[in-house]
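*Asks:* I have a structure here, written as structure tokens, and I will follow up with some questions on it.
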Ligand code: BTN
């Protein structure tokens, strides 16, 4: 991972470029990094604020030979790789909010957007988009984000090297990905659970059409969130926003 890196100064979205490269048969492990995105995208059609030189905005192409329903496992794997890179480099202790928000002291420092190219039931490529707030000051964030978003600089009190972080992410991602291909999701699941904050707590899961309140029990072997609502009914949540 990271042997084939496309570096851009300014793009609409690295996801968009990654989709095009994947379509053109770019090899597994190809990465697109940009200094700035003018139309960065988040989950659920939201915008992703990606100002110049302060963050890590990148998309990684993977081509695992796994069935479609197992794709969310790679998002969880990526979250573990990122948390470990932040820990190693800064000593900060980030936590993961299912499925893929990385928080420090309750504020979001990194988001992951996983998108698939599939034909019938076969995955052609998985595009993993990573947006990490690294050296922004509080004032660099739009006012509406200041209470919910943070950066490594804000949390650590000093600038953090983006290139060291990127190297750390590539290294961890490659290690975990090889482990995953060899031994499956179980070892990754254990690591992920060690960083997860939502498990065992009362949460509300909101999708575009409804919301469920209950206790988060854990994740399935496919990475799906298991919740038990106040009537004791079990729900499997595939995609949602979680409120703690
Ligand atoms: C989220 O909503 O939490 C996911 C945010 C993902 C943002 C990254 S930045 C690099 C890549 N390109 C995009 O347009 N989005 C992802």
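*Asks:* How do 10, 59 rank when sorted from fewest to most other Cβ atoms within 10 Å of their own Cβ?
*Replies:* So the ranking, lowest neighbour count to highest, is 10, 59.
*Asks:* When the scattering of the range 1-128 is computed by the Debye formula from its Cα atoms alone, each counted once and equally, what is log10 I(q)/I(0) at q = 0.15, 0.16, 0.19, 0.20 Å⁻¹?
*Replies:* Once normalised to I(0) and log-transformed, intensities are -0.73, -0.83, -1.17, -1.28.
*Asks:* Which of 202, 189, 97 ends up with the largest GNM mean-square fluctuation for the chain, with Cα atoms connected below 10 Å?
*Replies:* Comparing 202, 189, 97 in a Gaussian network model of the chain, the most mobile one is 202.
*Asks:* Taking the beta-carbon count within 10 Å as an exposure proxy, list 9, 95 from fewest neighbours to most.
*Replies:* Fewest to most other Cβ atoms nearby, the residues stand as 9, 95.
*Asks:* How much FRET efficiency would the formula 1/(1 + (r/R0)^6) give for residue 144 and residue 115, where r is the Cβ-Cβ distance and R0 is 30 Å, rounded to 0.05?
*Replies:* 0.75
*Asks:* For the range 108-244, what is the convex hull volume of its Cα atoms per residue in Å³?
*Replies:* Taking only Cα atoms, the range 108-244 has a hull volume of 163 Å³ per residue.
*Asks:* Based on the mean of other Cβ atoms within 10 Å per residue, sort peptides 75-84, 205-214 so the most packed one is first.
*Replies:* 75-84, 205-214
*Asks:* Could you put 236, 231 in order, starting from the residue whose Cβ has the fewest other Cβ atoms within 10 Å?
*Replies:* If I rank by nearby Cβ atoms, fewest first, I get 231, 236.
*Asks:* So, one more: Rounded, prolate or oblate: which fits the range 202-243, taking a ≥ b ≥ c as square roots of the Cα gyration tensor eigenvalues, rounded meaning a/c under 1.5, else prolate when a/b beats b/c?
*Replies:* Oblate, since a/c reaches 1.5 and b/c is not below a/b.
*Asks:* Sticking with this one: List the relative contact order of the chain as a percent without decimals, with contacts defined as Cα pairs under 8 Å and 6+ residues apart.
*Replies:* Relative CO of the chain lands at 17 percent.
*Asks:* Along the Cα-to-Cβ line of residue 226, 7 Å from the Cα, sits a label point; which residues in the range 191-207 have backbone N less than 19 Å from it?
*Replies:* Label zone hits: 191-205.
*Asks:* Extending each Cα 7 Å along its Cβ direction at residue 65 and residue 137, get the distance between those two points in nm, one decimal.
*Replies:* 5.3
*Asks:* Would you mind computing the Rg to Rh ratio of the chain from its alpha-carbon coordinates, Kirkwood style for Rh?
*Replies:* 0.95
*Asks:* Turning to a different aspect of this structure: Residues in the range 35-71 near a label at residue 174, defined as backbone nitrogen under 15 Å from the 7 Å Cα→Cβ point?
*Replies:* 61-62
Read-outs throughout are calculated quantities, based only on the coordinates presented, and are distinct from any laboratory measurement. This is a predicted model, so every value here is computed, not measured. Quick reminder, even Gly has a Cβ in these numbers, built from the backbone with ideal geometry, and neighbours come from all protein chains shown.
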